[in-house]
Amino acid sequence: MRRSRPVRVHNWQMMPPLTIPAATLNPVTYVVDTNVLLVANGQHPDVSLACVMTCREWLTRIMAEGRVALDDAYAIVNEYQHKTHASDGQGVGDAFVRWVLHHHDDAARCDLIHLDPHVQRGFLSFPVDVDLHHFDDSDRKFVAVAHAHPERPPILQAADSKWLDWAPHLGEHGVQIRFLCCEDVQEFHVHKFGH
């Protein structure tokens, strides 16, 4: 897979942005954050056109030959459905939700991961780490699925800048965040947090 140079953010080395491989995804498994779908649908007005196109390309490639990991209680799918228009929407994110609904029980295209609840961390498989104590409750399911999955698939992230601060701590637990829109997410982080 061709990779571009890593980008420095804060005082840590961010994972290089992914580029669509020329040949195949071989099928690789991904956990896809909802904001990738929203950006692909054009529902995030502040992102660049390049970011929108990258998200669309990645979702299209995953639908064509990739795999996804979801929780077996369908919390991720429910969030997808709540924030998109899967039944009648025309966006690539909407099409991705339809694809997930069609393939969620196909082991060749989707891994369903069981998540045990945890009173404090939300899920037993969410990493124990004081630096993740303030992690958004609504995003914990993505991390829990990636962390519980035997292959530890990367989480695809588009433009939610809070993940920049969480990524190094998650990486210490084997959870990789792949930022599809590096420039956008960094700009949003500076605007939101001032650094």
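The numbers here are math on the coordinates, done by the rules we state, and not lab data. Computed from a predicted structure; not experimentally measured. Note that we place each Cβ from the backbone using ideal geometry, even for glycine, and neighbour counts take in every protein chain shown.
Some observations on this one:
- Within the chain, the cysteines lacking any other cysteine Cβ closer than 4.7 Å to their own Cβ are CYS55, CYS110, CYS182.
- Exposed GluC sites (Glu not before Pro) absent: longest stretch of the chain, with sites in DSSP loops and at most 15 other Cβ within 10 Å deemed exposed: 1-150
- Per-selection Rg to Rh, the stretch 129-195 - Cα, Kirkwood hydrodynamic radius: 0.96
- The Cβ shell under 11 Å around HIS114 holds other residues with a net charge of -4, Lys and Arg each +1, Asp and Glu each -1.
- Taking 0.36 nm per residue of separation and subtracting the current Cα-Cα distance, fully stretching the chain between HIS191 and ASP137 would add 17.2 nm.
- For the stretch 135-195 versus the stretch 83-97, the gap between their alpha-carbon centres in whole angstrom: 23
- The calculated Kirkwood hydrodynamic radius for the chain is 16.9 Å, given to one decimal from all distinct C-alpha pairs.
- For the chain, the mean residue ellipticity at 222 nm estimated from helices alone is -12000 deg cm²/dmol, where every DSSP H run of n ≥ 4 contributes -39500 (n - 2.57) and the total is divided by all residues, rounded to the nearest 500.
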